[in-house]
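The values are calculated or read from the model by the stated rules, or taken from the named source; none is laboratory data. What you see is a predicted model, and the numbers here were worked out from it, not measured in a lab. Cβ coordinates were reconstructed from backbone atoms using ideal geometry, including for glycine residues, and neighbour counts include every protein chain displayed. Accessible surface areas use protein heavy atoms only, side chains included; no ligands, DNA or RNA. Shrake-Rupley method; radii C 1.70, N 1.55, O 1.52, S 1.80 Å.
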Amino acid sequence: MKNKFLIVSSVLVFSILGSRCGGADCARTDCGNPILPAFSFRLVGSTGNDLIGGVKKRYDTANVKIFAKRTSSGAVENIKRSFQVIADTNYITGFTVNKDFSTYYLSLNNTVTDSLLFGYNTRQTECCDKSYFSLNKFNTADLTPPLALPQNSYPIVK
């Protein structure tokens, strides 16, 4: 009886230990850094000059806004954006992309000037989620290939 109990309990212990999720030891897997869903852009003139800072400044940062259309309700919401100054006169504007929104809009001086459509690219392994967003369409132009996020900064020419 004692031997039967030992055999049954041994089988039970080994089956529990051997039944990890999918058989992989995810605790020991290095998935690297998560891929940030950040998009950044520069507003530039046709000659490449910055339009938010510098001598040819055309827009104040307070008048550069990002809106997005919520997928579930169609409501358009204000999206928090940030600015980063590079080399005194170059401004990069950035915001976080989210699956809850279908289309993002750039508004300058209270006028929507551009629309941005992002795609969500699922890349999951048994242990790691390396899914990422990409800019697929700017206004009516498809980006081929789509621009994987994050990237340096996308130039928006005005």
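What you get for region 26-139, charging only the Cβ of Lys and Arg (+1) and of Asp and Glu (-1), is a dipole of about 180 debye around the Cα centre.
Taking region 26-139 as the region of interest, the number of lysine pairs whose Cα atoms are within less than 23 Å, with members eight or more places apart or on different chains, is 13. Note on SER46: accessible area approximately 110 square angstrom, rounded to 10, probe 1.4 Å, nucleic acids and ligands left out.
ARG123 contributes an accessible area of around 130 Å² to the protein surface, as traced by a 1.4 Å probe with all chains present.
Average accessible surface for region 26-139: 57 Å² per residue, computed with a 1.4 Å probe over protein heavy atoms with every protein chain in place. Between GLU126 and TYR105, what FRET efficiency follows from the Cβ-Cβ distance if R0 is 41 Å, with the result rounded to 0.05? In this case the efficiency is close to 0.60.
Rounded, prolate or oblate for region 26-139? Axes are the square roots of the Cα gyration tensor eigenvalues, ordered a ≥ b ≥ c, and the cut-off for rounded is a/c under 1.5. Oblate, because a/c is 1.5 or more while a/b does not exceed b/c.
Counting only protein chain heavy atoms and rolling a 1.4 Å probe, the accessible areas of CYS26, CYS128 rank, largest first, as CYS26, CYS128. With all protein chains in place and a 1.4 Å probe, the accessible surface of region 35-102 carries 49 percent carbon and sulfur.
A dipole drawn for region 26-139 from +1 and -1 charges on Cβ atoms has a positive end, and of SER82, THR96, LEU43 the residue lying farthest that way is LEU43.
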